[in-house]
Amino acid sequence: MVIATKHFGEIELEEDKILTFDHGIFGFEDCKRYTILYDGEDENSSVISWLQSLDEVSLALPIIQPSHVIDQYNPVIEDELLVSLGDIKEENIVVFLTLTVPSDLTKMTTNLKAPFIINTANKKGCQVVVEDPMFVVKYPVYEKFQNRAKKEDGEC
C-alpha cells in the first residue's frame with residue numbers, strides 16, 4: 001500500500017509493517033495505526049527513527065531505542081498496562097522513547113517516563129507511564145549523542 005508521510009513524502013508500505021495501538025498514544029488516542037520509518041536504508045544503522053501515524057499524516061514522532069541514550073533502562077511496568085500487547089515474550093518486545101528536538105540541539109531530550117512498547121510478533125503497541133521517579137520526562141541526550149559519535153569515530 002502507498003502511504004503519505006510527514007517527512008518522507010509518499011512511500012510504499014508492506015502490510016506487515018503496520019503497528020496497531022489499540023488505545024492510541026497519549027494526546028492522539030484516535031490515531032491507532034502506525035509504522036516505524038528509518039532515515040537510512042538499514043534500520044539497524046538508524047539511531048533516530050520515526051513513529052509515523054497512518055491515520056494522521058502530520059503526526060510523526062522522532063523515536064529512539066533506550067540503549068542509545070541510557071545504559072540501564074529497565075523500568076517496572078505493571079502487567080495490566082501490557083494486556084493489549086497479547087502474549088509477550090522478551091525476544092519479541094521492542095521499546096522506543098520519544099525525542100524532543102528543539103532548534104537548539106543542545107537542549108534535546110528524550111522521555112523516559114512514557115515509553116512505547118511494541119510486540120513485534122503480533123505488531124501491537126502501547127504507550128505506558130512508568131511510575132518510578134528516577135525516569136523523567138525530559139532526559140538530556142545531546143551529550144550522549146556527542147559521546148557516541150566520538151566513540152564511533154575512534155576518539156575515545
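Remarks
- Test: residue in region 103-110 that is of a type in the set (G, A, S), within 14 Å of the chain's Cα centre (by Cα) and in a loop (DSSP other than H, G, I, E, B): no
- Residue list for region 97-126, restricted to those being out of contact with any Gly (no Cβ under 8 Å at 6 or more places or on another chain) and in contact (Cβ under 8 Å) with a residue 60 or more places away in the chain: A114, K123, G125, C126
- Any hit, region 56-65, residues being in a loop (DSSP other than H, G, I, E, B), out of contact with any strand residue (DSSP E or B) (no Cβ under 9 Å at 6 or more places or on another chain) and charged (D, E, K, R): no
- Filtered by the rule that a residue be buried (at least 16 other Cβ atoms within 10 Å of the Cβ) and hydroxyl-bearing (S, T, Y), region 85-122 gives T98, T109, T110.
- Annotation: of all residues in region 46-89 being at pLDDT below 90 and closer than 16 Å to I25 by Cα, the one that is farthest from the chain's Cα centre (by Cα) is V83.
- Residue check, V136 under 20 Å from the mean Cα position of the chain (by Cα) and closer than 22 Å to I36 by Cα: no
- Scanning region 67-89 for residues that are assigned to a helix (DSSP H, G or I), under 21 Å from S49 (Cβ atoms) and free of Cβ contacts under 8 Å to residues at least 60 places away in the same chain yields S67, L85.
- Only listed residue being within 16 Å of the chain's Cα centre (by Cα), in a loop (DSSP other than H, G, I, E, B) and either of a type outside the set (K, R) or within 23 Å of E14 (Cα to Cα) (or both), chosen from A114, A121: A114
- Hey, L37 within 27 Å of P140 (Cα to Cα) and surrounded by 18 or more Cβ atoms within 10 Å (Cβ to Cβ) or not: yes
- Figure legend. Inter-residue proximity from region 1-25: first residues exposed (fewer than 14 other Cβ atoms within 10 Å of the Cβ), second residues in a strand (DSSP E or B) and among the acidic types (D, E), beta-carbon distance below 9 Å, spacing 6+ or different chains. Indicated pairs: M1/E12; V2/E10; V2/E12; A4/E10.
- Taking the conditions (1) part of a helix (DSSP H, G or I); (2) loosely packed, with under 13 Cβ neighbours inside 10 Å in turn, D132 satisfies each one other than (1).
- Checking each residue in region 17-38 for being hydrophobic (A, V, I, L, M, F, W, C) and within 15 Å of E56 (Cβ to Cβ) picks out I18, L19, F21, I25, F26, F28, C31, L37.
The values are calculated or read from the model by the stated rules, or taken from the named source; none is laboratory data. All values derive from a computational prediction rather than experimental measurement. Positions of Cβ are backbone-derived with ideal geometry, glycine not excepted, and every protein chain shown enters the neighbour counts.
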